[in-house]
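Q: A single structure is presented below for examination.
The values are calculated or read from the model by the stated rules, or taken from the named source; none is laboratory data. Only a predicted model underlies this, so the values are computations on that prediction, with no experimental measurement involved. As a convention, Cβ positions derive from the backbone with ideal geometry for all residues, glycine included, and neighbour counts pool all protein chains shown. To get the accessible areas, we keep the full protein, side chains included, count just its heavy atoms, and leave off ligands, DNA and RNA. Shrake-Rupley method; radii C 1.70, N 1.55, O 1.52, S 1.80 Å.
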Amino acid sequence: MASDKQSGARPRAHGALAAAFLVFCGALGALHLAGRMFPRGMSWGFSHLAYLPGVVTPLYVALLCATLLAAWRGWLNEPLRRVALWADAHGWSFGAVSAALVLFLSVPFHIGAPLLGDSFTYIRNLTDAFAGTYPLGVWHEPLAMYSYYGALKLLGSTSEAGVIGAYVALDALCAVVYAVAVTRAVRLLVDDPQERFLAAVWALVMPTTLFFFGYVEIYALTLTALALYLWLSLAVLAGRVRFIILPPALLLMVFLHYLNGLLGIALLYVAYREHRRGRTAEVLVGCAIAAAGAIGVFAAVGFEIGRLMDQSPISHFLSLGTDISKFNAYSQAFTLLSWNHAVELANFALLMFPCALFLLVVIGARRARLVAESPRASMLALIIVPYVLLIALTKIQQGMGNDWDVTAGYFALFTLGTVALLAAAFGAEERRRLLLLAVGTTAVHSLLWFAMNTDADASVRRIEELLDRRMVSQLGQYTITLHLVRYDEYRGDSLAPPERWQRYSYDFPDDPRGYANTIEALRRAHDPNATRMVAFYDRWMAIDPSNAELRRKCFELCTQTGSALFAADSVKAAIPFFERAVLLEPRSAAASTNLGGALAGDGRTELAVRFLKEAIAIDSAYSDAYFNLAMVYEDMGRAAESATALRKAASLGNQAAMSYLARGAARGGGR
């Protein structure tokens, strides 16, 4: 009787939960509308509408309302049942259809500008390696980098445009494998056909599906590998595949990206269950094979860890306080327990897994014991929890708004884990309603995410908004600015880079790279602005006054610019550059001579004489100073002094002076 009472109470409780979840999904919509009004670096997880045309907003509201209403009222239940039964009966066909749908979406939602993550760093890394300029950087993902390098070389795509174009094909290949792997994994994860179908769809409409739309990074490959590894792990757990192949598979995952090492915690759980089944020998053999493989890889690189991993003095974790090294202060915008870090995590959760997070919190609060009794749910929990802790502790130098992809793939598994946990915690009818609401809400918001990244200009505006010093470290600001500049150069825009580096130098005035990059960007512009270049040299020298090489470069710029203007009869415009050159190098006879000549051309002869005499005082053998002085004296009507200076210039080998004297002699007068 007690059991019946409990059974009768559950529908009311679950109905309340579904109603609360419906309100939560509606609140997400309201939050996205608020993000449209206030697109800032602190609202990046829900501000997609701000970068899309205004007409998208009412369409979004209508689509979200229709989706939630249909899920709540059960209008989709019968179509869902029929499609789910077909998918269950035709598993491989369902995988093929899912792959085709992802490929279809990749056409209208092809990424407009490869700016997210480290896209242009990867492009430059690959093209430099192809050109032989630098060796290939493997960073923290050696197998992934070598895989893409080999594939691109095989395709002959070694230029910037070639790499970007080839990624479309490589991502499409990954999309096919990923879709099939997900649809096969859910068959081992969930028993109910409708929930299997919803689980697969939820994974396929996650924001991470963007990885298959021409995303120039390694994450299409790593996400695909994660899905395959999950499928394999579930098959081992179900007794359909021998454990012996799981440790070597994990080894491959680790070399694909070192963050995959946290999957080892779940592997230990599977190993423990195999041990309980009396298969200890197989567990030991599998681990031995993986260990031998790892030793073999290290031996192949001569046990030089630097060939397999990027080594840096910068910590990968946020500090508790601000009393940290210069390197770590440079690479983090906030501390571990700060408000800004909480805002960053909230934005990431709102982008990636808001619905899954809501459901997991409820499950953890009300049904944790039932979860522990399900091997599949337990294994997924042991995958999810370490990565949740990871993002809570890790320092994302460019901010999660831009470098979202580092951990995003693991939260595609987050949704599958949620489905497994729901299956262990609630009844079938309530689970389906919750899943329908979750899948519909996720799909609508992912469409916004895809659409925003399709528009190149929208992508650029969003990335620019992320340059918020509260949320992104100085290292991140520099890296994001560098990516934007490389994209500008890729599309042939020479006007934007100087403005971008100028902003960086204003925000971080103690970083000489800002000034150097601004000057170089101005130099490359179609119409170089020498005045601005000199101004940035001045600001640079203000923070590094003892840098003689810096003074020399600025001096050369002023001299070259002044000479070019003087040659073009822009005498007044040339004078400030010659004056600046004299201030930079007061002991340069050439600088004083140039200024004297320009002043004479401007009619200021007395001042010209002064600077020309200063040049002679600096270097009494500098013939150009004597010749220019002779010409000024002649203009002033001081013939005797002009003749004396002219003869002195000629005696020092000045060709102009000798020619001038020769012409005078030919006319019969001489000097």
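Q: State yes or no: is Leu345 within 19 Å of Thr208 (Cβ to Cβ) and either among the β-branched types (Val, Ile, Thr) or modelled with pLDDT of 85 or more (or both)?
A: Working: within 19 Å of Thr208 (Cβ to Cβ): yes; either among the β-branched types (Val, Ile, Thr) or modelled with pLDDT of 85 or more (or both): yes.
Here the answer is yes, as Leu345 does meet what is asked.
Q: (1) at pLDDT below 90; (2) in contact with a helix residue (DSSP H, G or I) (Cβ under 6 Å, 6 or more places away or on another chain): which one isn't true of Arg663, the others all being true?
A: Here Arg663 meets the rest and fails (2).
Q: Another question, then. Return the total of residues in the range 497-511 being touching a residue at least 12 places away in the same chain (Cβ under 8 Å) and either among the aromatic types (Phe, Trp, Tyr) or farther than 23 Å from Ile463 by Cα (or both).
A: Looking only at that region, the number is 4.
Q: Restricting attention to the range 44-66, which residues are in a loop (DSSP other than H, G, I, E, B) and surrounded by 21 or more Cβ atoms within 10 Å (Cβ to Cβ)? Break it down stepwise before answering.
A: Taking the range 44-66 first, the residues in a loop (DSSP other than H, G, I, E, B) are 44-47, 52-55.
The answer is Trp44, Gly45, Phe46, Ser47.
Q: Asp171 is checked against (1) surrounded by 20 or more Cβ atoms within 10 Å (Cβ to Cβ); (2) assigned to a loop (DSSP other than H, G, I, E, B) and fails just one. What number does that condition carry?
A: In the conditions (1) surrounded by 20 or more Cβ atoms within 10 Å (Cβ to Cβ); (2) assigned to a loop (DSSP other than H, G, I, E, B), Asp171 misses (2) alone.
Q: Okay, moving on. List every residue pair whose Cβ atoms sit under 8 Å apart, with the two residues 6 or more apart in sequence or on different chains, where the first one lies in the range 415-432 and is under 17 Å from Arg366 (Cβ atoms) and the second, anywhere, is small (Gly, Ala, Ser) and not in a helix (DSSP H, G or I).
A: Within 8 Å, the pairs are Ala420/Ser374; Leu421/Ser374; Ala423/Ser374; Ala424/Ser374.
Q: So is Ala181 closer than 29 Å to Ala84 by Cβ, in contact with an Asp or Glu (Cβ under 7 Å, 6 or more places away or on another chain) and open to solvent by less than 10 Å² (accessible area, probe 1.4 Å) or not?
A: no
Q: Suppose we filter the range 619-655 for residues that are open to solvent by 40 Å² or more (accessible area, probe 1.4 Å), in a helix (DSSP H, G or I) and either touching a Ser or Thr at 6+ places or on another chain (Cβ under 7 Å) or among the hydroxyl-bearing types (Ser, Thr, Tyr) (or both); how many remain?
A: 6
Q: For the range 253-366, list the helices (runs of 4 or more DSSP H) that sit wholly inside it and hold at least 3 residues that are within 29 Å of Val444 (Cα to Cα) and open to solvent by less than 30 Å² (accessible area, probe 1.4 Å); which are they?
A: 339-352, 354-366
Q: May I ask you to list the residues in the range 104-125 that are open to solvent by less than 10 Å² (accessible area, probe 1.4 Å) and of a type in the set (S, T, N, Q)?
A: Ser119
Q: Could I ask something else about it? Residues in the range 564-603 that are open to solvent by 40 Å² or more (accessible area, probe 1.4 Å) and under 43 Å from the mean Cα position of the chain (by Cα): how many?
A: Within the range 564-603, residues that are open to solvent by 40 Å² or more (accessible area, probe 1.4 Å) and under 43 Å from the mean Cα position of the chain (by Cα) number 7.
Q: Within the range 230-238, is there a residue that is over 26 Å from Tyr149 (Cα atoms), open to solvent by 30 Å² or more (accessible area, probe 1.4 Å) and touching an Asp or Glu at 6+ places or on another chain (Cβ under 7 Å)?
A: No, the range 230-238 contains no residue that is over 26 Å from Tyr149 (Cα atoms), open to solvent by 30 Å² or more (accessible area, probe 1.4 Å) and touching an Asp or Glu at 6+ places or on another chain (Cβ under 7 Å).
Q: Okay, moving on. Kindly indicate whether Ala200 is under 28 Å from Tyr146 (Cα atoms), assigned to a helix (DSSP H, G or I) and touching a residue at least 40 places away in the same chain (Cβ under 8 Å).
A: In short, no.
Q: Ok, one more. Scan the range 123-158 for residues that are over 23 Å from Tyr258 (Cα atoms) and among the polar types (S, T, N, Q) and jot them down.
A: Within the range 123-158, Thr127, Thr133, Ser157, Thr158 meet the criteria.
Q: Okay, moving on. May I ask you to verify whether Ala615 is in a helix (DSSP H, G or I), open to solvent by less than 60 Å² (accessible area, probe 1.4 Å) and within 18 Å of Ala564 (Cα to Cα)? Show your work before the answer.
A: Numbers: in a helix (DSSP H, G or I): yes; open to solvent by less than 60 Å² (accessible area, probe 1.4 Å): yes; within 18 Å of Ala564 (Cα to Cα): no.
Spelling it out, it is not the case that Ala615 is in a helix (DSSP H, G or I), open to solvent by less than 60 Å² (accessible area, probe 1.4 Å) and within 18 Å of Ala564 (Cα to Cα).
Q: Please report, ordered by residue number, the helices (runs of 4 or more DSSP H) entirely within the range 91-165 with at least 2 residues that are in contact (Cβ under 8 Å) with a residue 60 or more places away in the chain and under 21 Å from Leu252 (Cβ atoms).
A: Those helices (runs of 4 or more DSSP H) span 142-155.
Q: Let me ask something else about it. With the structure loaded, tell me whether Tyr504 is within 30 Å of the chain's Cα centre (by Cα), aromatic (Phe, Trp, Tyr) and under 30 Å from Glu160 (Cα atoms) or whether it fails that test.
A: When the stated conditions are applied, Tyr504 passes them.
Q: Any residue in the range 400-411 that's within 13 Å of Phe353 (Cα to Cα) and modelled with pLDDT under 90: show its pairings with residues that are of a type outside the set (A, V, I, L, M) and open to solvent by 10 Å² or more (accessible area, probe 1.4 Å) at Cβ separation under 7 Å, as long as the two are six or more apart or on different chains.
A: Hits for this filter: Phe411/Phe353.
Q: Checking Leu189 against (1) surrounded by fewer than 24 Cβ atoms within 10 Å (Cβ to Cβ); (2) closer than 28 Å to Ile265 by Cα: exactly one of these is not met. Which one?
A: (1)
Q: Going by the conditions given, is Thr158 more than 27 Å from Gln477 (Cβ to Cβ) and over 19 Å from the mean Cα position of the chain (by Cα)?
A: Yes.
Q: If Glu606 passes every condition in (1) open to solvent by 40 Å² or more (accessible area, probe 1.4 Å); (2) modelled with pLDDT under 90; (3) farther than 16 Å from Ala589 by Cα but one, which one does it miss?
A: Going through (1) open to solvent by 40 Å² or more (accessible area, probe 1.4 Å); (2) modelled with pLDDT under 90; (3) farther than 16 Å from Ala589 by Cα one by one, Glu606 breaks only (2).
Q: Continuing with the same structure: Residue under question is Tyr258, and the condition is that it be closer than 30 Å to Leu101 by Cα and among the hydroxyl-bearing types (Ser, Thr, Tyr); does it hold?
A: On the way: closer than 30 Å to Leu101 by Cα: no; among the hydroxyl-bearing types (Ser, Thr, Tyr): yes.
For Tyr258, the condition - closer than 30 Å to Leu101 by Cα and among the hydroxyl-bearing types (Ser, Thr, Tyr) - is not met.
Q: Could you look through the range 532-551, keep only residues that are in contact (Cβ under 8 Å) with a residue 24 or more places away in the chain and assigned to a helix (DSSP H, G or I), and pick out the one that is nearest to Ala590 (Cα to Cα)?
A: Across the range 532-551, the extreme among qualifying residues is Arg551.
Q: Here's something else I'd like to know. Within the bounds of the range 126-140, is there any residue that is within 23 Å of Thr479 (Cα to Cα), open to solvent by 20 Å² or more (accessible area, probe 1.4 Å) and of a type in the set (Asp, Glu)?
A: So far as the range 126-140 goes, yes, one or more of its residues are within 23 Å of Thr479 (Cα to Cα), open to solvent by 20 Å² or more (accessible area, probe 1.4 Å) and of a type in the set (Asp, Glu).
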